[in-house]
1. Can you return the aspartates and glutamates within cross-link range of residue 12? Criterion is Cα-Cα under 17 Å, with same-chain partners fewer than 8 residues away left out.
2. Search the structure for amide H atoms under 5 Å from the amide H of residue 58, placed 1.01 Å from N in the peptide plane, and list their residues when 5 or more places away or on another chain.
3. Which residues does a label at residue 118 reach in region 87-111, if reach means a backbone N under 16 Å from a point 7 Å past the Cα toward the Cβ?
4. Over the chain, with a Gaussian network built from C-alpha contacts below 10 Å, which listed residue (46, 106, 96) shows the highest mean-square fluctuation?
5. Give the order of 15, 119, 56 when sorted by the count of other beta carbons within 10 angstrom, beginning with the fewest.
6. When the chain is treated as a GNM, springs tying every alpha-carbon pair under 10 Å, which of 78, 17, 114 comes out with the largest mean-square fluctuation?
7. Sorted from fewest to most neighbouring beta carbons within 10 Å, what does the list 69, 80 look like?
8. Please enumerate, by chain and number, the aspartates and glutamates with C-alpha under 16 Å from the C-alpha of residue 125, excluding those fewer than 8 residues away in the same chain.
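Each value in this text was obtained by applying a stated rule to the coordinates, not by laboratory testing. Note that this is a predicted model, so its numbers are computed, not measured. Cβ placement follows ideal geometry from the backbone for every residue including glycine, while neighbour counts extend to all protein chains displayed.
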Amino acid sequence: MSYKIFISSGFKDLDLARDLAKRLGETGVKVSSAERGVRSGEVLSNQITRQLSNVDEVMVIVTDNSVDSPWLMFELGAASSLRKRVTPLVVGVETNKLPSLIRSMNYIKYPDLAKYIDDLEKRTKAA
């Protein structure tokens with residue numbers, strides 16, 4: 001069974017999310033996102049919660065576009081309540097501008113993404 005990651009991103013960060021999904025997919029990780037899992041007629045919050053329940057980890061992309069997003073906080077809270085591993089990816093946001101919840105987590109700064117992906121690949125292959 002392959003490792004599954006849900007990517008949480010704002011609409012303005014979709015290109016970044018797609019690039020991240022491609023890079024993670026190259027390691028054998030199965031990637032999902034709200035963009036890919038939306039079913040018409042289902043309430044968006046229910047869709048996201050359903051998707052989060054089926055993954056091993058949630059990566060939250062935090063940029064100037066999303067740092068104040070209520071959806072970012074919703075997805076963080078939903079992932080935490082489901083006891084999922086949560087990994088914020090901070091792109092271009094100064095530490096003092098991050099919500100305190102994210103500052104208290106082990107987040108990754110974008111320049112360190114390649115190291116995270118290498119570590120992820122080792123971790124998932126060892127499991």
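1. Leaving aside aspartates and glutamates fewer than 8 places away in the same chain, those within reach of residue 12 are 35, 64, 68, 75.
2. Here the answer is 6, 85, 86, 87, since their amide H atoms fall under 5 Å of that of residue 58.
3. Backbone N within reach: 109-111.
4. Judging by the Gaussian network model, the answer is 96.
5. With the sparsest Cβ surroundings first, the list reads 15, 119, 56.
6. Evaluated over the chain, the most mobile residue of the options is 114.
7. In increasing order of surrounding Cβ atoms, one gets 80, 69.
8. 26, 56, 57
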